[in-house]
Amino acid sequence: MTPGSLLICITTTAALLTGAPVFADATLVLNGTRGEAATIQVKNGVGRMAGGGDGEYILFDSATETLIQVDPNRQQYRAMSREKMESTLQVAAQLQHAIAPQMKELRAGLAGLPEDQRRMIEQRMGAVLGAPAAGNAPVPAIMKAVSTGTHSIAGLECESHALSRDGQPVGEVCLVKAASGKLSQQDFKVLEAMMAFTRNMASRAGGMVSGLDIQLAALPADLQGVPVSVKDAAGGWDYRLVSLSDETLPEEPFREYTGFQLQAIPGLN
């Protein structure tokens, strides 16, 4: 190789490395049988989930493991890092342990109320109350998932699982466990981390924080991946990925919250 050709090779390689994005962009659109719609986007290690007509959305920064709830109408946002979540939930667990005797007496008192009144109070108190008033702590339901094969949904390969609770069928879920189609390895890792974080937060804090009633929180803990199809046998509904794009996304939808006012998360801050 001549000095001239070597220089050209080095220059070209440097230009490619400089211009290549660290993350490709991805846009996933999901629709439900009840008219639900959600869009999940990924850019530069940040995931963005939007759904419904209220304009609110959630960001997940995979670099800092921080979940950000954004309300553009009020120009406000709330942020919850993994570290903050863990410390807050630890304090909440210690508080529940400390007031356990009082809660036991309260549950005993509620047991004598009419069922409709008791249920209303239990719902309002949520996880603070603990076990149902009438009786002892419930036996945890046994959730099982059985693999039923692989499928291709919107160009993504996913593994389907039949779900059951205490031996009764409850639904199906198809999980993407590796990059495929138009979804890059980097963006898959962001989606995987975002789903794991929200599932963990919902399963551990859902009773104490409103707005975290996430269906997939009930999945077996060892069943991981990015859901692209979810069916509920009892409710008769399903949610499914309908399209996937790798077109370049603008920066603004991922950064506009930085100009908004930071708010505390009720019950966690």
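Coordinate-derived values only; no laboratory data. Everything numeric in this text was worked out from a predicted model, so none of it was measured. In this analysis, Cβ positions are derived from the backbone assuming ideal geometry, glycine residues included, and neighbour counts consider all displayed protein chains.
How would Ile121, Ile142 line up from fewest to most surrounding beta-carbon atoms within 10 angstrom?
With the fewest neighbours first, Ile121, Ile142 line up as Ile142, Ile121.
Run the numbers for Met120 and Asp54: contour at 0.36 nm per residue of separation, minus the present Cα-Cα distance, in nm.
21.0 nm
Just to be sure I understand the model, the point goes 7 Å from the Cα along the line to the Cβ. What's the resulting Ala264 to Ala111 distance in nm?
Each label point is offset 7 Å from its Cα along the Cβ direction, giving 3.6 nm.
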